[in-house]
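Worksheet: one structure, shown below.
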Amino acid sequence: MEFRRPDPDTVTRLNGFSTSTLSDALDRLGIAGGCKGIVPGISGVKMAGAAFTVRYVPVGTIKGTVGDYIDEMMPGDVVVLDNNGRTDCTVWGDILTVTAKGKGIAGTVIDGVFRDLPRILDERYPIFSRGRFMMTGKDRVMVESTQVMVSIGSVQVKPGDILVGDDSGVVVVPQEMSAKVLEVAGTIEEAESRIVEAVQNGLSLGDARRKFGYHSLQSRKQ
C-alpha cells in the first residue's frame, strides 16, 4: 500500500485539538475514528503523526521476528502495531522506546500490550495500548507485514493516516479527510467555547446550548 506522509502543518493543526473534539468532528462526518479500548500508558503526554503500520500474526511452522521496522521510520511518524488485541504477549519494550525517542518518533499505538513501563515513564514517551504485560512476543508472534491496512480498536488505519492521542485516548483521522475534519473541529470548538463563556456570564446551560446549537454539533451531516 502506498505511503504518503501528510502535510506537517495539517498534523500540527490536528494536534491543537483534543481527541474529544476530533471525535465529535468525525462523528459529524460519519467516520469511525475513536479506537475502542486503547488507553494512554502514561498521562500528560500528547501525540500526533502519520501512521507507520505493522501487522503481527502468531508464529507457526514459519517463525519470523518481532521486527526491526523502526529503522525505516522517520521523525514525526507514529508506530501503529496491530497485534490483534492480544494481551498475553507484548510487542513493545524498553529497547524500542529508547530507539523511538532517539529517532524523534511521535508515539506508539498498539492493539495489544507493552512492557518496561519505568523506561517509558523516564522518557515521557507517548504510548497507547490495551494495557501492559511482561511476557515477550518473541517466538509467540511475528511481523507479517508493514505499511498495510490494519485495525486498531476496531478502527481501520491506513499508512499515512493521522493518529492523535491524549489522556482521553486515540482517534484516527483518515488522511484524505483531514481538511474536512479540521474545518468541522474548528466549528465545534468555537461553539463549545462560546457556550462555556455564556454560562460563566450567567446564562443557563440549557439556554446556552440552544443558542449555539450544541445538540447538533456532533450529529451526522445529512
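A short reminder: the numbers here are calculations on the coordinates, not readings from a lab. The structure displayed is predicted, hence computed values, not measured ones. Cβ: placed from backbone, ideal geometry, glycine included. Neighbour counts: every protein chain shown.
Tabulated results
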| item | result |
| --- | --- |
| Under 5 Å, built H, 5+ apart or other chain: amide partners of GLU144 | ARG55, TYR56, VAL57 |
| Net lengthening on full extension, MET134/ALA179 (0.36 nm per residue, minus Cα-Cα) | 12.2 nm |
| Integer Hz, Karplus 6.51/-1.76/1.60 couplings in order for the stretch 46-59, x for Gly and Pro | 10, 9, 7, x, 7, 6, 10, 9, 9, 10, 9, 9, x, 6 |
| Segment MET74-THR187, extension gain: residue separation times 0.36 nm, minus the distance between their alpha carbons | 37.5 nm |
| Residues of type aspartates and glutamates that LYS180 reaches as a straight line, Cα spacing below 18 Å, ignoring anything fewer than 8 places off in the same chain | ASP7, ASP9, ASP24, ASP27, ASP161, GLU189, GLU190 |
| Karplus-derived HN-Hα couplings along the stretch 14-27 (A = 6.51, B = -1.76, C = 1.60, θ = phi - 60°), whole Hz, x at Gly and Pro | 5, 5, x, 9, 6, 5, 5, 5, 5, 4, 4, 5, 5, 4 |
| Relative contact order [Cα under 8 Å, 6+ residues apart], the chain, whole percent | 31 |
| Average projection area in nm² (convex hull over Cα atoms of the chain, one quarter of hull surface) | 13.3 |
| Residue-averaged [θ]222 nm for the chain, counting only DSSP H segments that reach four residues, each worth -39500 (n - 2.57) | -9000 deg cm²/dmol |
| Sequence of ASP9, ASP116 once ranked by neighbouring C-beta atoms within 10 Å, starting from the fewest | ASP9, ASP116 |
| Listed residues VAL66, VAL172, GLY107: farthest to the positive end of the dipole of the stretch 64-191 (Cβ charges) | VAL66 |
| Modelled FRET efficiency - R0 30 Å, ASP88 with SER168, Cβ distances, 0.05 increments | 0.65 |
| Extension gain, MET149 back to VAL59 (0.36 nm per residue minus Cα-Cα distance, nm) | 30.4 nm |
| Sequence of CYS89, CYS35 once ranked by neighbouring C-beta atoms within 10 Å, starting from the fewest | CYS89, CYS35 |
